[in-house]
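The values are calculated or read from the model by the stated rules, or taken from the named source; none is laboratory data. What you see is a predicted model; the values in this text were computed from it and never measured. Quick reminder, even Gly has a Cβ in these numbers, built from the backbone with ideal geometry, and neighbours come from all protein chains shown. SASA here: full protein model, heavy atoms, side chains in, ligands and nucleic acids out. Shrake-Rupley method; radii C 1.70, N 1.55, O 1.52, S 1.80 Å.
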Amino acid sequence: MQHGKYRFIAGFLALPLAVYAIFVISPFVQAFQIAMTDWSGLKGAAKYIGFDNYDKLVHSDEFWNALKHNVIMLVLVPVVTLALGLFFAFMLNVGGRSRRGAVVTGVRGSKFYKFVFFFPQVISITIISVIWFNIYNPDPSDGMLNSLLGAVGLDSLQSAWLGEKSIALACIMLVMIWANVGFYVVLFSAAMASIPRDIYEAALLDGAGRAHTFFRITLPLLWDTVQTGWVYMGIIAMDAFALVQIMSVNMGGPDGATDVVPLRLYQTAFRDSQFGYASAMGIAMLIVTLLFAVLTMRFARRERIEF
């Protein structure tokens with residue numbers, strides 16, 4: 001009977017596991033294999049060169065410059081995105097004025113605000129990139145941002161934005177935050193809805209302020225959700241390919257100020273036909289992403305709070 005149960009389970013899992021192995025595991029294995037060659041993308045043109053691609057990677061200033069930008073995104077983008085998501089979700093669900101018969105209420109029209117926040121999630125990242133590329137257009141007659149600054153008399157703040165080496169990366173990170181914060185507003189709102197209102201009401205009746213309530217009640221009870229969101233945002237920050245490719249000056253410019261590893265990988269493979277070297281970059285990205293996920297899950301771990 002026991003063996004029959006396992007055969008039944010294996011029968012259901014066989015096909016999904018086979019598909020996963022072919023389309024997920026196999027490409028990873030092939031990437032490790034290709035990274036050990038000088039393959040140019042042409043059939044039969046690969047020669048085994050051992051760890052030469054990794055040695056070249058370690059001594060590449062362009063790679064370290066791109067990785068530095070990814071690490072900056074990895075540190076800043078998740079923090080700001082999740083902080084804004086938590087703040088707006090808390091305000092929408094708990095920040096309303098007290099009404100008759102309820103101590104804890106959300107703001108009026110909270111469902112509409114959630115829809116507005118979530119709207120960028122239903123837009124293609126390509127469309128978002130094109131929209132913001134035009135917003136950042138330095139021409140005051142075409143660029144919405146410079147036009148707005150000029151209209152309110154702040155001409156001194158007008159800039160080339162994506163053409164300024166010192167702020168180009170920050171401009172792209174702002175778009176990344178704007179595009180993702182709405183998802184976490186909705187996610188955290190759904191998680192907050194599962195917290196019993198009695199807990200909030202008891203805290204507020206005992207004289208706790210909203211800030212104290214957030215840090216003592218809401219954040220601890222949402223910590224598992226925040227932790228998962230942190231890993232997810234870190235993966236997004238390690239990618240950033242589409243935004244940088246479309247929005248940056250000359251794909252990674254000016255002067256490499258917005259270059260990231262995925263874009264460097266793409267150019268190495270499809271522009272320079274160095275697929276072996278590009279695969280080594282992909283392996284490096286995999287290691288950094290896994291390291292980030294493991295460290296996040298390790299150091300952000302807390303005792304589970306039940307309610």
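Any idea which of Thr258, Thr296 is within 26 Å of Leu169 (Cα to Cα), modelled with pLDDT under 85 and not acidic (Asp, Glu)? Outline the logic, then answer.
Working: Thr258 fails: modelled with pLDDT under 85.
On inspection, the qualifying residue turns out to be Thr296.
Within the bounds of the range 273-293, is there any residue that is at pLDDT below 85 and of a type outside the set (Phe, Trp, Tyr)?
yes
Residues in the range 218-234: is at least one assigned to a helix (DSSP H, G or I), among the small types (Gly, Ala, Ser) and farther than 23 Å from Val294 by Cβ? Reasoning before the result, please.
Taking the range 218-234 as the starting set, the residues that turn out to be assigned to a helix (DSSP H, G or I) are 218-221, 223-234.
So of that shortlist, the ones also among the small types (Gly, Ala, Ser) come out as 229, 234.
Filter again for farther than 23 Å from Val294 by Cβ, leaving none.
Looking for residues that are assigned to a helix (DSSP H, G or I), among the small types (Gly, Ala, Ser) and farther than 23 Å from Val294 by Cβ, one finds none in the range 218-234, hence no.
Taking the range 131-140 as the search range and keeping residues that are open to solvent by less than 70 Å² (accessible area, probe 1.4 Å) and among the hydrophobic types (A, V, I, L, M, F, W, C), which one is farthest from Leu243 (Cα to Cα)?
Among those that are open to solvent by less than 70 Å² (accessible area, probe 1.4 Å) and among the hydrophobic types (A, V, I, L, M, F, W, C), it is Ile135.
Given the criteria open to solvent by 20 Å² or more (accessible area, probe 1.4 Å), small (Gly, Ala, Ser) and either part of a loop (DSSP other than H, G, I, E, B) or over 30 Å from Ala46 (Cβ atoms) (or both), does Ala208 qualify? Working first, answer last.
Details: open to solvent by 20 Å² or more (accessible area, probe 1.4 Å): yes; small (Gly, Ala, Ser): yes; either part of a loop (DSSP other than H, G, I, E, B) or over 30 Å from Ala46 (Cβ atoms) (or both): yes.
So Ala208 fits the description; yes.
Considering only residues that are open to solvent by less than 50 Å² (accessible area, probe 1.4 Å), out of contact with any Lys or Arg (no Cβ under 9 Å at 6 or more places or on another chain) and farther than 30 Å from Lys68 by Cβ, look in the range 172-195 and name the one that is modelled with the lowest pLDDT.
Ile195
Suppose the filter is at pLDDT 85 or above, among the polar types (S, T, N, Q) and open to solvent by less than 60 Å² (accessible area, probe 1.4 Å); does Ser40 pass it?
Details: at pLDDT 85 or above: no; among the polar types (S, T, N, Q): yes; open to solvent by less than 60 Å² (accessible area, probe 1.4 Å): yes.
Considered against the rule, which asks whether it is at pLDDT 85 or above, among the polar types (S, T, N, Q) and open to solvent by less than 60 Å² (accessible area, probe 1.4 Å), Ser40 comes out as no.
Could you give every pair whose Cβ atoms fall below 8 Å, whose first residue belongs to the range 214-236 and is on the phi > 0 side of the Ramachandran plot, and whose second residue is open to solvent by 60 Å² or more (accessible area, probe 1.4 Å) and of a type in the set (A, V, I, L, M, F, W, C), counting only separations of at least 6 or pairs across chains?
Between residues of the range 214-236 that are on the phi > 0 side of the Ramachandran plot and residues that are open to solvent by 60 Å² or more (accessible area, probe 1.4 Å) and of a type in the set (A, V, I, L, M, F, W, C), there is no close pair.
With (1) modelled with pLDDT under 85; (2) surrounded by fewer than 16 Cβ atoms within 10 Å (Cβ to Cβ) as the list, and Thr228 as the residue in question, which single condition is left unmet?
(1)
What's the number of the condition Ser273 fails, among (1) within 25 Å of Ala35 (Cα to Cα); (2) assigned to a helix (DSSP H, G or I); (3) open to solvent by less than 80 Å² (accessible area, probe 1.4 Å)?
Condition (2) is where Ser273 drops out.
If a residue must be open to solvent by 30 Å² or more (accessible area, probe 1.4 Å), outside any helix (DSSP H, G or I) and of a type outside the set (S, T, N, Q), how many such residues does the range 244-270 contain?
Qualifying residue count for the region: 3.
Quick one: in the range 43-72, of everything that is in a helix (DSSP H, G or I), aromatic (Phe, Trp, Tyr) and surrounded by fewer than 19 Cβ atoms within 10 Å (Cβ to Cβ), which residue is farthest from the chain's Cα centre (by Cα)? First the steps, then the outcome.
Keep residues of the range 43-72 that are in a helix (DSSP H, G or I), which gives 52-58, 61-72.
Next, from what is left, pick out any that are aromatic (Phe, Trp, Tyr): 54, 63-64.
When the remaining residues are screened for being surrounded by fewer than 19 Cβ atoms within 10 Å (Cβ to Cβ), the result is 54, 64.
Numbers: Tyr54: 26, Trp64: 20 Å.
So, considering only residues that are in a helix (DSSP H, G or I), aromatic (Phe, Trp, Tyr) and surrounded by fewer than 19 Cβ atoms within 10 Å (Cβ to Cβ), the one farthest from the chain's Cα centre (by Cα) is Tyr54.
Any idea which of Leu169, Leu149, Leu145 is buried (at least 17 other Cβ atoms within 10 Å of the Cβ), more than 22 Å from the chain's Cα centre (by Cα) and in contact (Cβ under 8 Å) with a residue 12 or more places away in the chain? Before the answer, list the steps.
Details: Leu169 fails: more than 22 Å from the chain's Cα centre (by Cα); Leu149 fails: in contact (Cβ under 8 Å) with a residue 12 or more places away in the chain.
Every option except Leu145 fails the conditions.
Scan the range 114-158 residue by residue and report those that are outside any helix (DSSP H, G or I), out of contact with any helix residue (DSSP H, G or I) (no Cβ under 6 Å at 6 or more places or on another chain) and under 30 Å from Leu187 (Cβ atoms).
Correct list: Ile123, Ser124.
Which of the residues that make up the range 224-280 are of a type in the set (A, V, I, L, M), under 19 Å from the mean Cα position of the chain (by Cα) and farther than 21 Å from Ile123 by Cβ?
Step one: filter the range 224-280 for residues of a type in the set (A, V, I, L, M), giving 226, 231, 233, 235-238, 240, 242-244, 246-247, 249, 251, 257, 260-261, 263, 265, 269, 278, 280.
Checking the rest, the ones that are also under 19 Å from the mean Cα position of the chain (by Cα) come to 226, 231, 233, 235-238, 240, 242-244, 246-247, 260-261, 263, 265.
Answer for the range 224-280, where residues must be of a type in the set (A, V, I, L, M), under 19 Å from the mean Cα position of the chain (by Cα) and farther than 21 Å from Ile123 by Cβ: Val226, Val231, Met238, Val260, Val261, Leu263, Leu265.
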